[in-house]
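Trainee: Right, I'll just put the structure down here and ask away after.
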Amino acid sequence: MVTDAAGPAGPDFQILVIGAGQSGLSAGYHLQRRGLVPGRDFLIVDHAPGPGGAWQFRWPSLTLSTVNGVHDLPGMSFAANLPPGATVTADVPAATAVPYYYRRYEQHFGLRVHRPVTVRVVCDRSERDGLLHAETDNAGTLRVRGLINGTGTWERPFIPHYRGAEVFAGRQLHTRDYREPEEFAGQHVVVVGGGISAVQLLDEISRVTTTTWVTRSVPVFRETPFGQDAGRRAVAMVEDRVRRGLPPGSVVSVTGLPMTERLRATRDRGVLHRLPMFEHIEPDGVRWSDGTFQPAQVILWATGFRSALDHLAPLALRGPGGGIAMTGRSATRVAADPRIHLIGYGPSASTIGANRAGRSAAVELTGQLGLGNVPARR
């Protein structure tokens, strides 16, 4: 067990941060600024083998010139901490540049992330010692007074069920498993989904083979720049849902799809021709309710992710509708248990929101637990 000198009756750490992505590192930065010492007062654990959060697993063709944006972590510029010779507009894989930045960030601030450590389950042992017990795969059981959970969504890809999926003779894969478009050459690919990743991959794949694009609802493209006011309104809509205990919708779902120059070229090639969702899947393709059939060898489910919170199930945080009621300044604090903060959940699922959530969680939780010897600093 990773522990300090707290003794058998006390916690191993005051606070455990699960996940070292954007939100987890932001929380670690602000905990440190509140006077807590990494590795002594709080511990950050991450399941991945190296720094970079989910970015280290993204497909190679997602580069700094095509990514939707990488936001600075607090206290350190992304643009000034790229691999040698790289720029923010270069064709450098995001899976290389962002982990490089995160590694420099962890080292610069001495955050001492322990990895690979997977938290399998968190249990409330208040009746025994007043602590939360986080059972891990290779670091024993960590006893803590407070928890900041930043596990994100990458580990829970979502694929909706459609009749016949189990008999499809071709290949089905999720965005999470995508690598490069050339692997689909000579095959017809049905791309399912109306998000940013869906249209990016549709563009790539359509350059090497034929495609069909289907979505549940009609996509809304945004021709004008997305300003701060519109961003705040979008985040507020998602925040309202989680404050009411409803499952969070995505921020992107209310912002629309940015019509970039690249997507304009895709549209001009006739690729952005959207069809409604098919009714069912057959061994050699998909069929709509009117009988229309499209032969296909590949179905790519660009259908998003769900929050990776299964390890918190014993805490019974979810309400009857499946959501978790949140409170606090940035809606990071679990209403039913103020010792627990969820970051990268709901309104903080975006990279910008993750920084704000990390700060709020650090400030509120240290206040709740009576920790920290400095006032909150911006």
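Trainee: Could you list, in sequence order, the residues of the range 96-114 that are small (Gly, Ala, Ser) and surrounded by fewer than 19 Cβ atoms within 10 Å (Cβ to Cβ)?
Mentor: Kept after step one, since they are small (Gly, Ala, Ser), are these residues of the range 96-114: 97, 110.
Matches in the range 96-114: GLY110 only.
Trainee: Name the strands (runs of 3 or more DSSP E) wholly within the range 234-352 that hold at least 2 residues that are modelled with pLDDT of 85 or more, over 17 Å from the mean Cα position of the chain (by Cα) and crowded, with 17+ Cβ neighbours inside 10 Å?
Mentor: On the way: elements: 274-276, 280-282, 285-287, 293-295, 298-301, 340-342.
Here the list reads 280-282, 285-287, 298-301.
Trainee: With respect to ALA54, determine if the residue is in the same structural domain as ALA357 (by TED's automatic domain parsing) and in contact with a Leu (Cβ under 6 Å, 6 or more places away or on another chain).
Mentor: Details: in the same structural domain as ALA357 (by TED's automatic domain parsing): yes; in contact with a Leu (Cβ under 6 Å, 6 or more places away or on another chain): no.
It is false that ALA54 is in the same structural domain as ALA357 (by TED's automatic domain parsing) and in contact with a Leu (Cβ under 6 Å, 6 or more places away or on another chain).
Trainee: Just to be sure before I move on: is ALA357 closer than 18 Å to GLN22 by Cβ, in a helix (DSSP H, G or I) and among the hydrophobic types (A, V, I, L, M, F, W, C) in the structure I sent?
Mentor: Working: closer than 18 Å to GLN22 by Cβ: yes; in a helix (DSSP H, G or I): yes; among the hydrophobic types (A, V, I, L, M, F, W, C): yes.
Considered against the rule, which asks whether it is closer than 18 Å to GLN22 by Cβ, in a helix (DSSP H, G or I) and among the hydrophobic types (A, V, I, L, M, F, W, C), ALA357 comes out as yes.
Trainee: Check the range 71-83 and report whether any residue there is polar (S, T, N, Q), in contact with a Leu (Cβ under 8 Å, 6 or more places away or on another chain) and either at pLDDT below 95 or surrounded by 15 or more Cβ atoms within 10 Å (Cβ to Cβ) (or both). Reasoning before the result, please.
Mentor: Step one: of the range 71-83, the residues polar (S, T, N, Q) are 77, 81.
Filter once more, keeping what is in contact with a Leu (Cβ under 8 Å, 6 or more places away or on another chain): none.
Within the range 71-83 (the criterion being polar (S, T, N, Q), in contact with a Leu (Cβ under 8 Å, 6 or more places away or on another chain) and either at pLDDT below 95 or surrounded by 15 or more Cβ atoms within 10 Å (Cβ to Cβ) (or both)), the answer is no, since none of the residues qualifies.
Trainee: Just one of (1) at negative phi; (2) over 24 Å from the mean Cα position of the chain (by Cα) trips up GLY130, so point out which.
Mentor: Just one mismatch for GLY130, condition (1).
Trainee: To continue, here is another question. Is the range 51-66 home to any residue that is in a loop (DSSP other than H, G, I, E, B), modelled with pLDDT of 95 or more, in contact with an Asp or Glu (Cβ under 9 Å, 6 or more places away or on another chain) and within 22 Å of LEU131 (Cβ to Cβ)?
Mentor: Among the residues of the range 51-66, not one is in a loop (DSSP other than H, G, I, E, B), modelled with pLDDT of 95 or more, in contact with an Asp or Glu (Cβ under 9 Å, 6 or more places away or on another chain) and within 22 Å of LEU131 (Cβ to Cβ), which makes the answer no.
Trainee: For PHE42, indicate whether it is in the same structural domain as ALA349 (by TED's automatic domain parsing), under 28 Å from ARG128 (Cβ atoms) and aromatic (Phe, Trp, Tyr).
Mentor: Details: in the same structural domain as ALA349 (by TED's automatic domain parsing): yes; under 28 Å from ARG128 (Cβ atoms): yes; aromatic (Phe, Trp, Tyr): yes.
Answer is yes for this residue.
Trainee: Could you tell me which of the residues GLU135, GLU166, GLU127, GLU182 is modelled with pLDDT of 95 or more and within 22 Å of LEU365 (Cα to Cα)?
Mentor: Going through GLU135, GLU166, GLU127, GLU182 in turn, the sole match is GLU135.
Trainee: Please determine, by comparing only the residues of the range 138-152 that are over 11 Å from PRO11 (Cα atoms) and crowded, with 19+ Cβ neighbours inside 10 Å, which one is modelled with the lowest pLDDT.
Mentor: Result: GLY152.
Trainee: Let me ask something additional. Report, by residue number, each residue of the range 122-161 that is within 26 Å of ARG58 (Cβ to Cβ), in contact with a His (Cβ under 6 Å, 6 or more places away or on another chain) and not β-branched (Val, Ile, Thr).
Mentor: Selection gives PRO157 alone.
Every residue, every condition in (1) of a type in the set (Asp, Glu); (2) under 23 Å from the mean Cα position of the chain (by Cα); (3) at negative phi, yes or no:
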| site | (1), (2), (3) |
| --- | --- |
| VAL98 | no, yes, yes |
| ARG103 | no, yes, yes |
| GLY110 | no, no, no |
| ARG115 | no, yes, yes |
| THR118 | no, yes, yes |
| SER126 | no, no, yes |
| THR141 | no, no, yes |
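Trainee: Going residue by residue through the range 325-343, is there one that turns out to be of a type outside the set (S, T, N, Q) and farther than 23 Å from GLY146 by Cα? So that I can check it myself, show each step before the final result.
Mentor: Step one: list which residues in the range 325-343 are of a type outside the set (S, T, N, Q), which gives 325-326, 328-329, 331, 333-343.
With farther than 23 Å from GLY146 by Cα added as a condition, the list becomes none.
Looking through the range 325-343, none of the residues is of a type outside the set (S, T, N, Q) and farther than 23 Å from GLY146 by Cα.
Trainee: If ILE205 passes every condition in (1) touching a helix residue (DSSP H, G or I) at 6+ places or on another chain (Cβ under 8 Å); (2) within 20 Å of HIS280 (Cβ to Cβ); (3) of a type in the set (A, V, I, L, M, F, W, C) but one, which one does it miss?
Mentor: With respect to (1) touching a helix residue (DSSP H, G or I) at 6+ places or on another chain (Cβ under 8 Å); (2) within 20 Å of HIS280 (Cβ to Cβ); (3) of a type in the set (A, V, I, L, M, F, W, C), ILE205 is out only on (2).
Trainee: Ok, one more. Give the residue, chosen from ASP310, ASP337, that is among the acidic types (Asp, Glu) and closer than 18 Å to ARG243 by Cβ. Don't jump to the end; show me each part of the working.
Mentor: Numbers: ASP310 fails: closer than 18 Å to ARG243 by Cβ.
Result: ASP337 is the single residue among ASP310, ASP337 that is among the acidic types (Asp, Glu) and closer than 18 Å to ARG243 by Cβ.
Trainee: Taking the options ALA185, ALA165, ALA134, ALA139, name whichever one is within 26 Å of PRO93 (Cβ to Cβ) and aliphatic (A, V, I, L, M). It would help to see each step written out before you state the result.
Mentor: Values: ALA165 fails: within 26 Å of PRO93 (Cβ to Cβ); ALA134 fails: within 26 Å of PRO93 (Cβ to Cβ); ALA139 fails: within 26 Å of PRO93 (Cβ to Cβ).
Going through ALA185, ALA165, ALA134, ALA139 in turn, the sole match is ALA185.
The values are calculated or read from the model by the stated rules, or taken from the named source; none is laboratory data. From a predicted model like this one, the values you see are computed outputs, not experimental measurements. Counting neighbours? That spans all protein chains shown, and the Cβs are built from the backbone with ideal geometry, glycine included.
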